[in-house]
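One structure is given below, encoded as structure tokens.
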Ligand code: ZN
Ligand code: FE
């Protein structure tokens with residue numbers, strides 16, 4: 001879940017936690033977009049100077065809702081060359097987990113609604129290939145417990161004609177080898193693609209390679225907390241999954257579905 005510090009989300013951690021309790025969740029996690037080494041890298045994340053405030057706001061929610069397990073985490077953009085910075089962030093607080101995500105191919109944020117023109121200027125399969133290559137590098141980096149919204153490249157509905165299973169497989173073999181989980185993220189249902197990230201086809205390959213899963217609503221507002229989790233669990237079961245992971249202090253625990 002995200003917080004207002006990322007500049008594109010509504011609701012404080014206390015308000016999000018309150019909603020989580022209302023919808024019957026027993027565990028939630030905050031993984032707001034992490035700061036970049038340079039604060040002006042883009043305009044949709046907290047500044048480095050706000051990191052302490054972020055942690056405090058999550059701790060406040062923990063105090064207010066002692067019966068709800070609240071995890072402290074970050075969603076970190078994997079960008080080659082930023083590894084040292086990510087290691088520095090990892091040491092800054094007692095994170096329960098770090099989610100690695102790929103939004104950027106070089107300087108293009110492929111999921112940005114302000115940069116959709118770029119999708120029309122290049123070959124979709126080529127973009128997807130580059131995206132999954134980078135995702136494989138993120139999985140192999142040893143920096144993350146979980147990889148976020150693994151087929152984010154489908155967000156705006158640009159789907160290649162080609163068979164993409166080899167791209168999924170190449171990434172998932174690396175996730176399996178490095179023991180990294182993937183996230184079932186229901187935000188995809190709220191985007192043009194109208195589908196959970198990742199697709200059933202993707203998830204079946206993940207299952208066959210024993211890649212573990214987690215669940216996320218990627219909530220950017222209280223009303224989105226735990227949204228469509230019923231569908232996400234059904235999708236996981238359809239792919240053959242019987243359990244998911246929960247993380248505390250960067251260690252995994254297996255939970256039956
Ligand atoms: Zn966001
Ligand atoms: Fe993301």
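The values are calculated or read from the model by the stated rules, or taken from the named source; none is laboratory data. Fair warning: this is a prediction, and the values are worked out from it, not measured in the lab. Every residue, glycine as well, gets a Cβ built from its backbone with ideal geometry; the counts of neighbours run over all protein chains shown.
Please count how many residues of the stretch 236-257 are under 18 Å from residue 25 (Cβ atoms) and outside any loop (DSSP other than H, G, I, E, B).
10
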Hits in the stretch 45-56 - residues which are surrounded by fewer than 19 Cβ atoms within 10 Å (Cβ to Cβ) and outside any helix (DSSP H, G or I): 47
Checking residue 113 against (1) within 14 Å of ligand 2 (Cβ to nearest atom); (2) touching a strand residue (DSSP E or B) at 6+ places or on another chain (Cβ under 7 Å), the condition it does not meet: (2)
Of residues in the stretch 181-195 being touching a strand residue (DSSP E or B) at 6+ places or on another chain (Cβ under 6 Å) and not in a helix (DSSP H, G or I), the one farthest from residue 243 (Cα to Cα): 185
Residues satisfying the stated conditions in the stretch 1-44, i.e. in contact (Cβ under 8 Å) with a residue 24 or more places away in the chain, surrounded by fewer than 17 Cβ atoms within 10 Å (Cβ to Cβ) and within 17 Å of residue 112 (Cβ to Cβ): 7, 8, 42, 43, 44
Filter result (away from ligand 2 (no atom under 16 Å from the Cβ) and free of Cβ contacts under 8 Å to residues at least 40 places away in the same chain) within the stretch 68-110: 81, 84, 88, 91, 106, 107
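Do we find that residue 203 is surrounded by 22 or more Cβ atoms within 10 Å (Cβ to Cβ) and either over 14 Å from the mean Cα position of the chain (by Cα) or assigned to a helix (DSSP H, G or I) (or both) in this structure?
Details: surrounded by 22 or more Cβ atoms within 10 Å (Cβ to Cβ): yes; either over 14 Å from the mean Cα position of the chain (by Cα) or assigned to a helix (DSSP H, G or I) (or both): yes.
For residue 203, the condition - surrounded by 22 or more Cβ atoms within 10 Å (Cβ to Cβ) and either over 14 Å from the mean Cα position of the chain (by Cα) or assigned to a helix (DSSP H, G or I) (or both) - is met.
Is one or more of the residues making up the stretch 60-70 within 23 Å of residue 150 (Cβ to Cβ), away from ligand 1 (no atom under 14 Å from the Cβ), surrounded by 18 or more Cβ atoms within 10 Å (Cβ to Cβ) and under 18 Å from the mean Cα position of the chain (by Cα)?
Going residue by residue through the stretch 60-70, those that are within 23 Å of residue 150 (Cβ to Cβ) are none.
No, the stretch 60-70 contains no residue that is within 23 Å of residue 150 (Cβ to Cβ), away from ligand 1 (no atom under 14 Å from the Cβ), surrounded by 18 or more Cβ atoms within 10 Å (Cβ to Cβ) and under 18 Å from the mean Cα position of the chain (by Cα).
Consider residue 29 carefully, then state whether it is assigned to a loop (DSSP other than H, G, I, E, B) and either away from ligand 2 (no atom under 16 Å from the Cβ) or in contact with a strand residue (DSSP E or B) (Cβ under 8 Å, 6 or more places away or on another chain) (or both).
On the way: assigned to a loop (DSSP other than H, G, I, E, B): no; either away from ligand 2 (no atom under 16 Å from the Cβ) or in contact with a strand residue (DSSP E or B) (Cβ under 8 Å, 6 or more places away or on another chain) (or both): yes.
Here the answer is no, as residue 29 does not meet what is asked.
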Out of 229, 215, 202, sole residue that is under 24 Å from residue 23 (Cβ atoms) and away from ligand 2 (no atom under 16 Å from the Cβ): 229
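Do the conditions hold for residue 243, that is, is it free of Cβ contacts under 8 Å to residues at least 40 places away in the same chain and under 17 Å from residue 145 (Cα atoms)? Steps first, please.
Numbers: free of Cβ contacts under 8 Å to residues at least 40 places away in the same chain: yes; under 17 Å from residue 145 (Cα atoms): yes.
So residue 243 passes the test.
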Residue in the stretch 8-23 that is away from ligand 1 (no atom under 15 Å from the Cβ), over 15 Å from residue 222 (Cα atoms) and modelled with pLDDT of 95 or more present: no
